Amino acid sequence: MLYLYKFRPDNVNTIKILCEQRLHFSHPFEFNDPFDCRPPCSDLITEEAILSYVTGKYPLSEEAVKRNMPLIKHELTRGSTFLADVESTFNRIFVCCFSYNADSPLMWAHYCNNHTGLCLGFDPSVAGDFCENCTKLPVEYVKKRQILDFNDNINSQVKNIIFQKSMAWEYEEEIRIVKTPEQMNQGGELRNSFNKSALVAIFFGLYMSEERINFYKLLCQKCGYDNLQYFKMTLPTDGSYLLVPKEC
């Protein structure tokens with residue numbers, strides 16, 4: 001069984017997640033990687049593609065578009081309109097990020113406030129509606145960004161780009177749960193909750209104090225998490241650079 005791991009700092013939002021049983025979904029503009037979901041655009045644009053794009057977006061006739069083709073092509077090549085549409089498409093998407101790896105020192109340093117936070121372990125087989133009616137795929141780590149081609153279907157390209165990141169982030173072993181606005185909000189209710197039985201483990205950071213560990217244990221007990229295992233991350237003794245969880 002591959003669990004999904006969510007790294008969190010020790011803060012009020014993490015406490016809120018545990019109390020309300022809801023996970024935060026981000027929009028791509030909130031990501032910490034400036035390249036993530038911000039693809040470059042090819043300047044090779046055919047007149048057929050321009051005609052299809054402009055007449056589908058604006059109340060203009062084919063004749064009007066053809067008459068103004070040089071100006072329209074210049075504007076689209078410059079990216080002012082097309083890239084704004086692409087950015088808007090990305091930023092309508094809801095994304096929740098997890099990892100397959102709970103013992104990476106870099107993950108603990110970057111996402112858990114220098115090892116003072118915690119990591120939530122979820123069983124996706126009983127996860128709840130945050131993991132339903134969505135696209136769930138591991139991130140592909142690539143050497144070069146995909147260039148958006150105006151002449152191809154934009155939505156299909158966007159779907160690919162959402163699950164691509166630079167190889168510099170490969171240590172994250174990330175998996176993303178992605179939802180459209182329609183999938184995220186059904187009947188006026190956000191679909192981001194998880195079942196209590198889905199949270200199977202909490203890992204506490206190497207530098208989290210015993211006081212804070214006891215606080216989270218008591219909080220989870222009061223919230224009714226009955227199937228939880230607790231672990232404290234420790235330094236290895238075998239010479240490796242991976243942290244070792246010890247039951248606590």
(request) Output yes when any residue across the range 176-186 is acidic (Asp, Glu) and farther than 19 Å from Pro40 by Cα, and no when none is. (result) yes
(request) Please verify whether the range 123-139 includes one or more residues that are open to solvent by 10 Å² or more (accessible area, probe 1.4 Å), in contact with a strand residue (DSSP E or B) (Cβ under 9 Å, 6 or more places away or on another chain), part of a loop (DSSP other than H, G, I, E, B) and among the basic types (Lys, Arg). (result) no
(request) Give the residue that is least open to solvent (accessible area, probe 1.4 Å), with candidates limited to residues of the range 59-89 that are assigned to a loop (DSSP other than H, G, I, E, B) and modelled with pLDDT of 75 or more. (result) Ser61
(message) Among the residues that make up the range 106-114, is at least one of them open to solvent by 30 Å² or more (accessible area, probe 1.4 Å), aliphatic (A, V, I, L, M), assigned to a helix (DSSP H, G or I) and closer than 30 Å to Phe215 by Cα?
(response) yes
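Quickly run through the range 34-58 and pick out the residues that are among the β-branched types (Val, Ile, Thr) and either at pLDDT 75 or above or touching a helix residue (DSSP H, G or I) at 6+ places or on another chain (Cβ under 8 Å) (or both).
If the condition is that a residue be among the β-branched types (Val, Ile, Thr) and either at pLDDT 75 or above or touching a helix residue (DSSP H, G or I) at 6+ places or on another chain (Cβ under 8 Å) (or both), then Ile45, Ile50, Val54, Thr55 are the ones that fit.
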(message) For the range 129-172, which positions are closer than 20 Å to Asn192 by Cβ and touching a residue at least 60 places away in the same chain (Cβ under 8 Å)?
(response) Asp129, Phe130, Cys131, Ile162
(request) Determine the pairs where a residue that is assigned to a loop (DSSP other than H, G, I, E, B), located within the range 8-30, has a partner that is open to solvent by 50 Å² or more (accessible area, probe 1.4 Å) and not polar (S, T, N, Q) with Cβ atoms under 7 Å apart, the partner being 6 or more residues away or on another chain. (result) Asp10/Arg212; Gln21/Lys196
(message) With the requirement that a residue be part of a helix (DSSP H, G or I) and either under 15 Å from the mean Cα position of the chain (by Cα) or buried (at least 21 other Cβ atoms within 10 Å of the Cβ) (or both), what does the range 90-105 give you?
(response) Phe90
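The values are calculated or read from the model by the stated rules, or taken from the named source; none is laboratory data. Note that this is a predicted model, so its numbers are computed, not measured. Reconstructed Cβ throughout: ideal geometry from the backbone, glycine too, with neighbour counts over all protein chains shown. With ligands, DNA and RNA removed, areas are computed over all heavy atoms of the protein, side chains included. Shrake-Rupley method; radii C 1.70, N 1.55, O 1.52, S 1.80 Å.
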